[in-house]
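Asks: Quick one: structure below, then a few questions.
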Amino acid sequence: MSAAGRPDGITREIEREQVQLDDLFARRDELIEQVGAERRAAAEGDGDGTYAEARVSALARRQHELDKADRGLCFGRMDRADGASWYVGRIGLPSRHDDADPLLIDWRAPAARAFYTATAARPDGLRRRRHIRTDERRVIGVDDELLDAENADAATDLVGEAALMEALDARRTGSMNDIVSTLQAEQDDIIRAPHQGCLVVQGGPGTGKTAVALHRAAYLLFTHQHLVERGVLVVGPSRAFLDYIEQVLPSLGETQVVATTVDRLLPGTTAARHDSDAVAEIKGRGLWADVLQRVIDERQPVARPVTVVHEGEPITLDTEEVAEILAQARAGRVSHHEARGRFRTRTLDALAEAVARHAQELIASMEEGFEDILARIDASMRAQAQNLGTQSSSRGVEVDGVATAEDVAVIRSGLRESATVSAALDDVWPALDPQTVLTDLLRDVDELARLAPELTADERALVVRERGADWSTADVALLDELAELVGAPTETTRVPVDGQSLAARAGADRTWAYGHVIVDEAQELTAMQWRMLLRRCPTRSFTVVGDINQADSPGSARSWESALEPSFGTRWRRTELTVCYRTPHEVMACTAGVLEAAGSTVLPPRAVRSSGRPPGHVITDDRRIVDEIASAATTLADRYAGGRVAVIAVAGRAEQLRSHTALVRPDVVVITPEESKGLEFDAVVVVDPHAIVEQRRGWNGLYVALTRCTQELTVVALADGPAGLDLGTPAG
Ligand SMILES: Nc1ncnc2c1ncn2[C@@H]1O[C@H](COP(=O)(O)OP(=O)(O)OP(=O)(O)O)[C@@H](O)[C@H]1O
């Protein structure tokens with residue numbers, strides 16, 4: 001035995017791995033120096049613009065990745081049947097010698113795959129898998145699994161069970177960690193699945209959907225270089241959720257990911273309120289696509305004469321000419337504003353030609369005997385050009401009175417600059433602002449009855465919105481639909497700003513096309529929100545993760561088929577995560593009846609571990625409930641010192657609890673079931689389950705609340721039940 005109480009064999013192995021780890025860190029430090037120097041040289045060099053820029057940004061990415069790899073640089077070793085040993089880590093480190101094997105294999109590389117998938121029954125060319133536990137630059141432990149026939153019967157289907165259990169039992173800090181060292185085989189399969197098309201990952205609570213989705217983002221960016229430039233969009237359910245996951249991708253060295261919520265996707269629009277459930281449900285329906293198309297169709301211009309006064313002379317394009325220009329402008333699939341831009345261009349051409357024609361008609365009159373008229377025309381055309389703020393061409397308008405192409409161009413540019421001409425064109429085809437259009441549509445029931453006959457009178461009355469009111473989360477998807485229909489109001493040229501991050505560039509551009517989109521808690525999205533997301537990725541490369549059993553938003557679907565059919569038809573594939581890593585078996589066991597009451601159509605996940613503590617159950621009365629909750633939360637906070645406890649209650653009760661002095665402490669949070677979505681805590685107190693199930697999709701909400709703990713659950717109720725929640729005998 002060593003001084004640390006370990007068998008000598010283990011101590012020797014730790015010492016050996018320490019030597020290896022020291023060398024890996026030395027190599028990483030060398031590479032940091034080397035890449036830094038290359039980056040400086042590339043930035044100062046005068047190479048070709050685009051290539052040089054791409055090289056500088058690739059080097060910056062590599063440098064960032066190297067910098068971030070200081071925690072858990074190397075976490076595993078694969079001893080292969082052919083006698084070779086390969087180390088696996090969060091980044092790859094090449095050997096110092098050109099033709100030698102890498103010193104460290106990146107976890108995303110194909111060669112690392114066996115580390116996550118090999119089992120004793122199917123060893124994939126491995127003899128042994130070793131998990132190496134480290135603290136900063138120090139090796140603190142090794143866990144070995146022998147992958148041979150002798151061990152095949154005894155083995156579980158878990159990969160690196162000891163390291164996994166240690167990770168799962170660790171205290172929660174309020175931030176999610178990456179799980180790169182203990183990924184399980186079914187998770188690894190999803191992470192490495194092809195990126196084309198839409199992949200749906202259904203999984204019960206705690207099966208690692210969020211973790212897998214984030215690791216998939218890192219994997220796809222590593223494997224498919226073309227995604228790096230366009231980036232990956234990650235959409236989560238709330239700001240709190242984004243805060244919770246914000247460390248994961250940076251810890252994996254990833255920068256090309258934009259994480260946001262669905263209501264922040266439209267640049268320049270902030271959702272400052274939530275609609276009532278009923279209103280949010282109505283506004284989320286797919287029928288708005290037709291309604292809004294109708295609204296825009298109704299604002300299409302009608303052919304009528306266009307007259308502009310030019311040097312005192314009215315110049316007119318008649319209805320027929322305007323109709324022809326309109327038809328040309330609208331040809332093909334173009335947005336409202338793109339067609340409008342074409343209309344303006346062509347009308348200006350036609351007006352300039354009409355002015356020139358008019359001049360030639362004057363010449364014809366001159367030839368009939370009015371000698372002085374030529375001079376008048378010339379003077380008039382010069383004055384026109386000057387009045388319109390343009391210079392006549394160097395040749396000027398010839399005294400022979402025939403307008404050249406150059407003269408027509410000068411006149412055209414004058415017309416283009418003229419405010420009155422612009423107003424005349426606007427009159428025929430005005431620019432549309434999505435916010436004004438939506439405000440006009442939602443202003444009263446009559447307007448809605450005319451344009452949204454799909455809604456009932458009661459529904460129309462509900463969605464009427466006061467002019468000037470804040471936009472809601474549901475409104476953002478309607479505004480985005482309108483923004484797509486009308487297009488950009490003016491032609492914009494995108495000027496890349498040096499050094500601007502992908503998030504800044506993509507976040508400011510509604511039409512930014514991401515390389516891949518990951519949607520978490522996707523079961524909550526409405527039909528209109530799905531449409532908004534599809535526009536962010538024209539190639540329709542999506543990873544959609546969620547649990548249909550946890551859906552409780554207004555307008556959310558009850559099956560993946562109904563959620564995805566309008567957007568993807570049948571062009572999506574589904575996979576499942578079946579093991580719950582978060583919630584202990586004792587807690588999961590009491591959710592079966594809750595799922596049944598929620599009308600679940602999918603199997604609950606299998607809990608991977610047991611905490612040995614059955615859920616606590618307290619029945620009390622209205623007078624004592626707050627103190628009972630405070631007492632339960634305090635007990636749990638003390639028991640899981642260094643971790644975090646959540647009290648989950650419906651909104652009114654949560655409000656009351658937040659001011660209770662015993663609950664105002666940094667390791668306790670009071671939240672609603674909706675707010676708890678996607679989050680986890682060491683221990684949870686679920687308050688008044690009857691009140692929770694009375695809410696919209698309340699059984700689903702209760703299921704979410706019950707499955708947030710990694711260690712222990714206590715339920716504080718006002719009565720036994722509700723039937724379906726099986727907690728055993730209450731304590732008080
Ligand atoms: N392979 C793994 N190794 C270590 N920890 C894991 C692993 N898989 C999942 N976990 C942990 O399990 C917990 C639950 O994971 P995650 O939040 O991704 O689950 P989820 O399916 O998104 O849950 P929910 O649907 O409830 O939001 C997290 O703490 C995560 O780190």
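Asks: For region 585-718, just the Cα set please: Rg and Dmax, both in angstrom.
Replies: Answer for region 585-718, Rg first and Dmax second: 13.9, 42 Å.
Asks: Next question, about the same structure. Arrange the residues LYS68, LYS209 by how much accessible surface each exposes, largest first, with a 1.4 angstrom probe.
Replies: Reading off the accessible areas and sorting them downward yields LYS68, LYS209.
Asks: Here's something else I'd like to know. Could you give the alpha-carbon Rg of the chain over 2.2 N^0.38 Å, rounded to two decimals?
Replies: Dividing the Cα radius of gyration by 2.2 N^0.38 Å gives 1.24.
Asks: Let me ask you something else. Give me the distance in nm between label points sitting 7 Å out from Cα along the Cα-to-Cβ direction at VAL445 and GLU311, one decimal.
Replies: It is 6.0 nm.
Asks: Still on this model: Under a 1.4 angstrom probe, counting protein chains only, how are ARG192, ARG573 ranked by accessible area, largest first?
Replies: Solvent-accessible surface, decreasing: ARG573, ARG192.
Asks: So for the pair ALA111, ALA81, with labels modelled 7 Å out along Cα→Cβ, what separation do we get in nm?
Replies: With each label placed 7 Å out from Cα toward Cβ, I get 1.9 nm.
Asks: Compute the projected area of the convex hull of the Cα atoms of region 117-209, averaged over all viewing directions, and report it in nm² to one decimal place.
Replies: 8.3 nm²
Asks: If you project the alpha carbons of region 263-370 onto their three principal axes, what span does each projection cover, largest first, in Å?
Replies: So the three principal-axis extents are 80, 25, 20 Å.
Asks: Sticking with this one: Going by average Cβ neighbours within 10 Å, how do the peptides 705-717, 116-128 rank, with the highest at the top?
Replies: In decreasing order of mean packing, 705-717, 116-128 become 705-717, 116-128.
Asks: How long are the semi-axes of the equivalent ellipsoid of region 7-171, defined as square roots of 5 times the Cα gyration tensor eigenvalues? Whole Å, largest first.
Replies: Over the Cα atoms of region 7-171, the ellipsoid semi-axes are 35, 17, 15 Å.
Asks: Return the long-range amide H neighbours of ARG133 (sequence gap of 5 or more, or a different chain), with a cut-off of under 5 Å between placed amide H atoms.
Replies: ILE140, GLY141, VAL142, ASP143
Asks: Then there is this: Determine the order of ASP188, ASP70, ASP726 by accessible area, beginning with the largest, at a probe radius of 1.4 Å.
Replies: Ranked from most to least accessible, the order is ASP726, ASP70, ASP188.
Asks: Shifting gears a bit: Take the solvent-accessible surface of the protein heavy atoms, probe 1.4 Å, and return the percent of it on region 585-718 that carbon and sulfur atoms account for.
Replies: Exposed carbon and sulfur together represent 52 percent of the surface.
Asks: Another question, then. When you count, for each residue, the other Cβ atoms within 10 Å and take the mean per peptide, how do 26-39, 408-421 rank with the highest first?
Replies: 408-421, 26-39
Asks: Rounded to the nearest 10 Å², what accessible area does SER611 have for a 1.4 Å probe in the complete protein model?
Replies: Here the residue's solvent-accessible area equals roughly 40 Å².
Asks: Please give the solvent-accessible surface of ASP667 in Å², to the nearest 10, using a probe radius of 1.4 Å with every protein chain present.
Replies: 30 Å²
Asks: Note the full-extension length gain between ASP720 and ILE140 as 0.36 nm times their separation in residues minus their Cα-Cα distance, in nm to one decimal.
Replies: Gain on stretching ASP720 to ILE140: 204.0 nm.
Asks: Here is a further query. Just subtract the alpha-carbon distance of ASP148 and ASP426 from 0.36 nm times their residue separation and send over the number in nm, one decimal.
Replies: Full extension from ASP148 to ASP426 adds 92.3 nm.
Asks: Here's another thing I want to ask about it. So with the 1.4 Å probe, I'd like the accessible area per residue for the chain, rounded to whole Å².
Replies: 45 Å²
Asks: Kindly report, to the nearest 10 Å², the accessible surface of CYS198 as traced by a 1.4 Å probe over protein heavy atoms only.
Replies: 0 Å²
Asks: Going highest first, how would you order 200-207, 580-587, 508-515, 246-253 by mean Cβ packing within 10 Å?
Replies: 200-207, 580-587, 246-253, 508-515
The values are calculated or read from the model by the stated rules, or taken from the named source; none is laboratory data. What you see is a predicted model, and the numbers here were worked out from it, not measured in a lab. So basically every Cβ, Gly included, is an ideal-geometry build from the backbone, and we count neighbours across all protein chains shown. The accessibility values were calculated without ligands, DNA or RNA, using every heavy atom of the protein model including side chains. Shrake-Rupley method; radii C 1.70, N 1.55, O 1.52, S 1.80 Å.
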